[in-house]
Amino acid sequence: MTLVGSDQSLIFQNNPVANSAIIEIDLKYSPRLGEQLEEKADRWNLIFVSHHFHDLFLPLVYRKVSINHWQDANSFLHAILKRLALARAVRGLDLTKWHAKSVSGDDCNQIQTSEFLRAWLDAVSLSRVESDQWSQCLGQGISDAWVALILPLLSQLRTLSLAYTTNSPYLEQIMQRAVDCKKPFSVQPAFRYLREVSLHHREDLDNSEHIDNAGSETQLSSTLLLPFFQLPSVRAITANSVVDLDSTTSPSEESTDDVKPRRGFSSITDIDLRASSGNHGMEMLVSSCADLKSFKYQHSDSHVLSHGYQPSAFHRSLTHSKKSLQTLWLDHYGSHYPFTAAGLNQSHDEWFGSLVDFTALQEVRVRLPNLLDIRYQNEPTTPLIECLPSSLETLYIEGCEERHLGMLVSQLQTVIKNRRTRFPRLNRVDIEGAFQNVPSDDDDQVASSSSTLFEAAIKDKTYQAAEPLHIDCVNAGLELHIHDRVLSHI
């Protein structure tokens, strides 16, 4: 294998006689060459060029690690325990594709008798009992146990994506020990470079890994995210199936100083919560952020502990960030049931409140009933022009019913006419609703050619109703887009 290269490119050529001179000449470029190779397979090929290249480029292979089951975790853990330099090379860890894999009796015995694993377990655990219990879970192939054992070794980690189970005691205690600077993090601060965290709740893992969920619900409590909020380097967090604490008790009664960070403590600037239920507007998480710039929330009533979407609760919690918030997505494509654990679900169409005081807000995506107070009337009690901040650049309005389209068009026309003095940065407006033209069985109309099917999919009268707004947007140099929810998912 001969390597012909420069600081700009690499070319591998099959050659039975290795040209060591060429390799030696290019060694001075090798670190930069390896960095430029984005494909892991290309970096993998480099380590077979020579012994020197093996030692030089092997850490690059470990930059981004994906672990899909216990066998991957076992191999990876043994590798980084034998060569700690490889652990320090890891920048990204992805376990979102983790799937349960059976563990044979021989494999279980090998795991539990491994000297490397036993030594590391003893270093991480606070007692022999804990170490033995942990080892037992490793032998069962449970993701929580493997992940929690790996994380303390990755001191240079930048991004972390986890498949989270309902019952994850080892991961929870490792993260809390990291925050508290306890063993095995007592020597130096943990996760000093971690910036992005994604937690994906997986009910399939709850079932396949035989997690005992007796007395617990299949969702992630907002309190379980708090250790990540207390890591000073983390800037962005994404999670799904997050549920606020029981709304029958106030946040102050449910939280104590040792689990709730003080206001403005966290350095997180971006929160993205999907298929979640914020009974208190995610107050505990939002208020902990000192400089929150982006908040995206998708509601779901599918959780047992959900008390329905309560927009006013989010207005109260986000008020803490009204000077810093730049992006706000509320309940985009959320799901709402007629009844929740709290009874009749009547709050999801209430008004969020005015956004005028959110002076840094640039992008808003919100449902029409939450943007305008039209719950009990056809016209809003507060006009749209008095609800939007002057900093706004893009406005995406979801859930517009056909009967409200004329009113919304009129409200937006007023905004556009006052754009130069009130909203000078506004450049795009989107309206989404149930606008699809669904032909009936006795419809005599003949379908047009395929090139016009998409245009015909949205009712002509929808376009007609929006035409005055379209003209105003064109004259003002704005983009206007009309969407149908069903079509947007095709």
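The values are calculated or read from the model by the stated rules, or taken from the named source; none is laboratory data. Everything numeric here is computed off the predicted structure, so don't read it as measured data. Glycine also receives a Cβ, built like all others from the backbone with ideal geometry; neighbour counts cover every protein chain displayed. Accessible surface areas use protein heavy atoms only, side chains included; no ligands, DNA or RNA. Shrake-Rupley method; radii C 1.70, N 1.55, O 1.52, S 1.80 Å.
The residues of region 284-332 expose on average 30 square angstrom of accessible surface per residue, using a 1.4 Å probe on protein heavy atoms.
The residues of region 348-424 have, on average, 43 Å² of accessible surface per residue, using a 1.4 Å probe with all protein chains present.
Under a point-charge model restricted to the Cβ atoms of Lys and Arg (+1) and Asp and Glu (-1), what is the dipole moment magnitude of region 58-153 relative to its Cα centre, in debye to the nearest 20? Write down the numbers at each step before the final one.
Details: 10 positive and 9 negative charges, 111 e Å.
Computed charge dipole of region 58-153: roughly 540 debye.
Using a probe radius of 1.4 Å on heavy atoms only, what accessible surface per residue do you get for region 68-201? Whole Å² is fine.
On the way: 5780 Å² over 134 residues.
Heavy-atom SASA per residue in region 68-201 reads 43 Å².
Round to the nearest 10 and report in Å² the accessible area of LYS183, as given by a 1.4 Å probe over the protein chains' heavy atoms. Rounded to the nearest 10, the figure is 80 Å². Spin-label pair ARG375-GLU479: with each label point 7 Å from Cα along the Cα-Cβ axis, the two points sit 3.4 nm from one another.
Just the protein heavy atoms count here, and of the accessible area of region 99-145 at 1.4 Å, carbon and sulfur take up 50 percent. In this calculation the C-beta distance from SER302 to PHE265 is compared with R0 = 35 Å, giving a FRET efficiency of 0.65. Between region 86-158 and region 340-383, the C-alpha centres lie 47 angstrom from each other.
Among the listed pairs LYS82/LYS183; LYS82/LYS182; LYS293/LYS459; LYS101/LYS296, give every one whose C-alpha distance is greater than 26 Å. Long pairs (Cα-Cα over 26 Å): LYS293/LYS459; LYS101/LYS296. Overall, region 103-214 carries a charge dipole of about 700 debye about its Cα centre when +1 sits on the Cβ of Lys and Arg and -1 on the Cβ of Asp and Glu, all other atoms neutral.
Nonpolar atom fraction for region 292-372, defined as the carbon and sulfur part of the 1.4 Å probe accessible area, stands at 53 percent.
Which length gain, in nm to one decimal place, applies between GLN464 and ARG88 when the Cα-Cα distance is subtracted from 0.36 nm times their residue separation? Let's see the in-between values first.
On the way: separation 376, 0.36 × 376 = 135.36 nm, distance 6.09 nm.
Length difference between fully extended and current span is 129.3 nm.
Estimated at 0.36 nm per residue, the fully extended path between SER127 and LYS64 surpasses their Cα-Cα distance by 19.4 nm.
Relative contact order of region 72-143, taken over Cα pairs closer than 8 Å and 6 or more residues apart, is 35 percent. The accessible-area ordering, largest first, of the residues GLU363, GLU196 stands as GLU196, GLU363, per a 1.4 angstrom probe. With R₀ fixed at 35 Å, the C-beta to C-beta distance from SER102 to CYS181 puts the FRET efficiency at about 0.40.
If you wrap the Cα atoms of region 291-380 in a convex hull and average its projected area over all directions, you get 6.1 nm².
How high is the relative contact order of region 313-389, in percent, with contacts defined as C-alpha pairs under 8 Å that are six or more residues apart? The partial results should precede the final answer.
Working: 100 pairs, mean separation 26.5, N = 77.
RCO, region 313-389: 34 percent.
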